[in-house]
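A short worksheet on the structure shown next.
The values are calculated or read from the model by the stated rules, or taken from the named source; none is laboratory data. Quick caveat: nothing in here was measured; it's all calculated off a predicted structure. Methodologically, a virtual Cβ is constructed for each residue, glycine included, from the backbone with ideal geometry; neighbour enumeration extends over all protein chains shown.
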Amino acid sequence: MGTIEQPPGGGGDKIQPVDLRTALEERYLAYALSTITQRALPDVRDGLKPVHRRIIHAMSEMGIRPNQAYKKCARIVGDVMGKFHPHGDQSIYDALVRLAQEFAIRYPIVDGQGNFGNIDGDNPAAMRYTEARMTEVAALMLEGIGEDAVDFKPTYNEEDEEPVVMPGAFPNLLANGSSGIAVGMATNIPPHNVHELCDAALLLIKKPEATIEELVDLVPGPDLPTGGTIIDSRASIVEAYATGRGGFRVRAKWLKEELGRGGYQIVITEIPYQVQKSRLIEKIAELLIARKLPLLEDVRDESAEDIRIVLEPKNRTVDPALLMESLYRLTELENRISLNMNVLSMGKVPKVMSLKEVLVEWLGHRREVLVRRSRHRLAEIDRRLEILGGYLIAYLNIDEVIRIIREEDEPKQVMMARFELTDLQAESILNMRLRSLRKLEEFEIRKEFDDLSAEKAGIEALLGSDEKQWSTVSWEVGEVKKKFAKATALGKRRTDFADAPETDEDAINQAMIEKEPVTVVVSEKGWIRALKGHLADFSTLQFKEGDSLKVAFHGQTTDKIIVFTTGGKAFTLGAGKLPGGRGHGEPLRIMIDMDNDQDVLTAFVLDTSRKLVVSSHQGYGFIVPEAELVANTRKGKQILNVSMPDEAKLVVQAKGDHVAVVGENRKMLVFPVAQLPEMARGKGVRLQRFKDGGISDLKTFVMEEGLSWDDSAGRNFIRKKDELIEWMGDRASAGRTVPKGFPRSGKFSG
């Protein structure tokens, strides 16, 4: 092994210390900028990222026009990579494939032949098998590229030149959309309908101060390649287009197919944009197996060229709208498409633009292209007129010209001096063919000269008048609109609009849970579980050591369970989501945000038709409708306001016209229910006054039927109205010692 040579002088004097932070900032910023401008964000003027622009330009250079034969994709990718885009061939091919996929891009830019992938997410064939050529859209994007319409820049190896931006006669940014993730910023623009975009552009030419609302009248929302229905409100769509940020909720389209004898099936014909059909069906099947879709029996994919997903309901009584609502909730049959119009303004500055700004900048680009092409044409006309002027002089003096050419050693110089010709004119005369000397030619030259002079005057008038320029741009936009009108197969709007149907939340939630009987068990230490079936005997329930039964009750998996804590809070849990009966369940504190110093007071099945009396230990309470207890978050809902050391003590069903309250001091008070306020939240009013201790129990009853209780031996006592007179009073009184036979526990239930 050879020796390692040291740099001269030990190398110490050649090393430059660099501050790491500064170096990272500089280098990461350079990387970020190149990602933003050279990779991820499209240019607002042509809606293309560099890789797409290079693919189109390379196809143009190869002459693969819409009316030409297809060429192998491998040749196109090779050219793009070798001349313009020094990146991986697979990434270039992926970009090329996407430009040809009708389900991915609204107006395909590449016309592909062969397997270019499908909506199920299957991969395209390798590039050596597939072929491609441009579509009319690509031809429009290139229109005028050879007429100095846009600037060119050197390619990466400076051997060739590539366009900085395409002339872009087609409103590609909004028509085909774009998505990309750069460093610190992203873009996401859904496709739109070209007919509508052209209408909006024409309005802006006519009325530059047009509002977003007026533009949204013409461009009501995206037009997605895969169709579907957008269910957002007009206000939110206007807001999204005004700010350049927002989103659209897209739903699959479906129809009900009658099968006879009252049976039916649902057929999905269009799915949301960028959703893989195979993955969507897998997800529905997984939910079926997991029994999350109790209304659905089966799902089948009967698609051929068109999409046809068949859903079989459990039975003929299932409401199809309810079944679809439950599927929209759980699957990608409803999908949100975000809008983030972050694009390169003037090809340099990344910024989020509104719909109006994007259209205005595209129109500005079209006008600049028109002016540049006109100037280029003007220069060509001037050159041709100069040549034709020389020809005319030659024809008028044809014999002299022939003599000079035959006899002079330097005919060019002699002619220039003799007839006052320019270098170009003399050169053109010398390059004339003999056959051009026929008599008729002079007439044709004069005609061409007059025609070109007239065209020159027209172009000069155009260049001198803003109004004429805009009217020409307007005509060009009108031609694009005609080519892609809604009357054509390609231009027809695919995505429609609808309001989201008014739905019953509870009905949908129940439709997503299979209805089965369960027994909900809560232990003293706050563990909860749901056992299958309705248990008759709770004494057989097993608990962890040191734990015991707090409350158990019957319910259905579709029920909502209310958990009420000593802190006066109510929490809502779905019975279908509770841990199963195997083992001891799970601690409630995992499922709800219960404070550490609070415990479960009680739990029960929600019944929105009932009312409850809630009371604190110190005897403050009120009536609350049970529907007010529902809380849709982990944090729950504060119902009874209590502060330490007081805490919630009782939650009792309110039915009847009187309340009986018993204190820990064994004094009882009976007063009318009407004296209790009905509230959704609060501290409440005093129910009974105590010198010391607090409330023990509370019961509501109908005075006509009397007040009943059971003692510890199971005997039942009833006191009628006339027997309760001495205990009757107003709320907040102290009450009298409990009647004879009242249980020692101080509870009405013995």
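Name the residues in segment 388-397 that are of a type in the set (A, V, I, L, M, F, W, C) and either modelled with pLDDT under 85 or over 16 Å from Arg435 (Cβ atoms) (or both), would you? Matches in segment 388-397: Leu388, Leu392, Ile393, Leu396. Of the residues making up segment 349-364, one or more are farther than 30 Å from Asp148 by Cβ and either of a type in the set (A, V, I, L, M) or part of a helix (DSSP H, G or I) (or both).
Flag set for Gly390, criterion: of a type outside the set (A, V, I, L, M) and in contact with a helix residue (DSSP H, G or I) (Cβ under 9 Å, 6 or more places away or on another chain). For segment 378-413, the set of residues classified as buried (at least 16 other Cβ atoms within 10 Å of the Cβ) and farther than 24 Å from Glu455 by Cβ consists of Val401, Ile404, Pro411, Lys412, listed by residue number. Applying a threshold of 7 Å to beta carbon distances and a minimum spacing of six or more residues, or different chains, the list of pairs starting in segment 393-405 at a residue that is assigned by TED's automatic domain parsing to the domain that holds Glu442 and ending at one that is among the β-branched types (Val, Ile, Thr) and in a helix (DSSP H, G or I) reads Ala394/Val401; Ala394/Ile429; Val401/Ile429; Ile404/Val414. Residue count for segment 104-135 satisfying the condition of being of a type in the set (Gly, Ala, Ser) and either part of a helix (DSSP H, G or I) or surrounded by fewer than 16 Cβ atoms within 10 Å (Cβ to Cβ) (or both): 3.
Scanning segment 78-100 for residues that are part of a loop (DSSP other than H, G, I, E, B) and touching a residue at least 24 places away in the same chain (Cβ under 8 Å) returns His85, Pro86, His87, Leu99, Ala100. The C-beta contact set for segment 20-42 (first residue farther than 9 Å from Gly180 by Cβ, second residue in a helix (DSSP H, G or I), distance under 7 angstrom, 6+ apart or interchain) comprises Gln38/Pro50. Among the conditions (1) assigned to a helix (DSSP H, G or I); (2) closer than 20 Å to Asn188 by Cβ; (3) in contact with a Pro (Cβ under 7 Å, 6 or more places away or on another chain), Val51 misses just one, which is (3).
Could you list, in sequence order, the residues of segment 671-709 that are more than 23 Å from Glu626 (Cα to Cα) and under 60 Å from the mean Cα position of the chain (by Cα)? Break it down into steps so the answer makes sense when it comes.
Filtering segment 671-709 down to residues more than 23 Å from Glu626 (Cα to Cα) leaves 688-694, 703-709.
Gln688, Arg689, Gly693, Gly694 - these are the residues of segment 671-709 that are more than 23 Å from Glu626 (Cα to Cα) and under 60 Å from the mean Cα position of the chain (by Cα).
Just the residues that are assigned to a loop (DSSP other than H, G, I, E, B) and either modelled with pLDDT of 95 or more or hydrophobic (A, V, I, L, M, F, W, C) (or both), please, taken from segment 136-154. Spell out how you get there, then give the answer.
First pass over segment 136-154, keeping only residues assigned to a loop (DSSP other than H, G, I, E, B): 143-144, 148-151.
Answer for segment 136-154, where residues must be assigned to a loop (DSSP other than H, G, I, E, B) and either modelled with pLDDT of 95 or more or hydrophobic (A, V, I, L, M, F, W, C) (or both): Ala149, Val150.
Within segment 252-290, the residues that satisfy the criterion of being part of a helix (DSSP H, G or I) and among the charged types (D, E, K, R) are Lys277, Arg279, Glu282, Lys283, Glu286.
Against the numbered list (1) surrounded by 23 or more Cβ atoms within 10 Å (Cβ to Cβ); (2) more than 21 Å from Ala100 (Cβ to Cβ), Gly168 comes up short only at (2). Within segment 24-65, restricting attention to residues that are under 32 Å from the mean Cα position of the chain (by Cα), more than 19 Å from Ala175 (Cβ to Cβ) and basic (Lys, Arg), the residue that is modelled with the highest pLDDT is Arg54. Residues in segment 165-182: is at least one outside any strand (DSSP E or B), of a type in the set (S, T, N, Q) and under 30 Å from the mean Cα position of the chain (by Cα)? Yes, there is a match, as at least one residue in segment 165-182 is outside any strand (DSSP E or B), of a type in the set (S, T, N, Q) and under 30 Å from the mean Cα position of the chain (by Cα). Going residue by residue through segment 240-258, is there one that turns out to be farther than 25 Å from Arg493 by Cα and surrounded by fewer than 21 Cβ atoms within 10 Å (Cβ to Cβ)? Looking through segment 240-258, at least one residue is farther than 25 Å from Arg493 by Cα and surrounded by fewer than 21 Cβ atoms within 10 Å (Cβ to Cβ).
Here Ile459 fulfils each of the conditions (1) farther than 30 Å from Arg329 by Cα; (2) at pLDDT 80 or above; (3) outside any helix (DSSP H, G or I) apart from (3). Looking only at residues of segment 226-239 that are assigned to a loop (DSSP other than H, G, I, E, B) and in contact with a Ser or Thr (Cβ under 8 Å, 6 or more places away or on another chain), we find that the one that is surrounded by the most Cβ atoms within 10 Å (Cβ to Cβ) is Gly228.
For first residues located in segment 664-680 and more than 15 Å from Gly735 (Cβ to Cβ), partners that are outside any strand (DSSP E or B) and charged (D, E, K, R) and lie 6+ apart or on another chain with Cβ distances below 8 Å form the pairs Val673/Asp657; Ala674/Asp657; Leu676/Arg731; Ala680/Glu628. Every condition in (1) part of a loop (DSSP other than H, G, I, E, B); (2) under 26 Å from Tyr107 (Cα atoms); (3) hydrophobic (A, V, I, L, M, F, W, C) is met by Leu293 except one, and the failing one is (2). Please go through segment 702-747 and pick out each residue that is of a type in the set (A, V, I, L, M), assigned to a strand (DSSP E or B) and closer than 26 Å to Tyr620 by Cα. Across segment 702-747, the qualifying residues are Leu707, Met728.
Taking the conditions exactly as written (among the β-branched types (Val, Ile, Thr), touching a Pro at 6+ places or on another chain (Cβ under 8 Å) and either within 30 Å of Pro220 (Cα to Cα) or modelled with pLDDT of 95 or more (or both)), does Val369 satisfy them or not? Walk me through how you get there before you give the answer.
Working: among the β-branched types (Val, Ile, Thr): yes; touching a Pro at 6+ places or on another chain (Cβ under 8 Å): yes; either within 30 Å of Pro220 (Cα to Cα) or modelled with pLDDT of 95 or more (or both): yes.
Spelling it out, Val369 is indeed among the β-branched types (Val, Ile, Thr), touching a Pro at 6+ places or on another chain (Cβ under 8 Å) and either within 30 Å of Pro220 (Cα to Cα) or modelled with pLDDT of 95 or more (or both).
For the residues Lys560, Lys550, the requirement of being basic (Lys, Arg) and touching a helix residue (DSSP H, G or I) at 6+ places or on another chain (Cβ under 8 Å) singles out Lys560. For segment 66-93, a residue qualifies if it is surrounded by 15 or more Cβ atoms within 10 Å (Cβ to Cβ) and either among the aliphatic types (A, V, I, L, M) or within 26 Å of the chain's Cα centre (by Cα) (or both), and the qualifying residues are Ala74, Ile76, Val77, Val80, Met81, Ile92.
Would you pick out the residues in segment 464-503 that are among the small types (Gly, Ala, Ser) and either assigned to a helix (DSSP H, G or I) or under 22 Å from the mean Cα position of the chain (by Cα) (or both)?
Taking segment 464-503 first, the residues among the small types (Gly, Ala, Ser) are 464-465, 471, 474, 478, 485, 487, 489, 491, 498, 500.
Listed by number, the residues that qualify are Ser471, Ser474, Gly478, Ala498, Ala500.
The set of residues in segment 676-701 being more than 11 Å from Val662 (Cβ to Cβ), assigned to a loop (DSSP other than H, G, I, E, B) and among the aliphatic types (A, V, I, L, M) consists of Leu676, Met679, Ala680.
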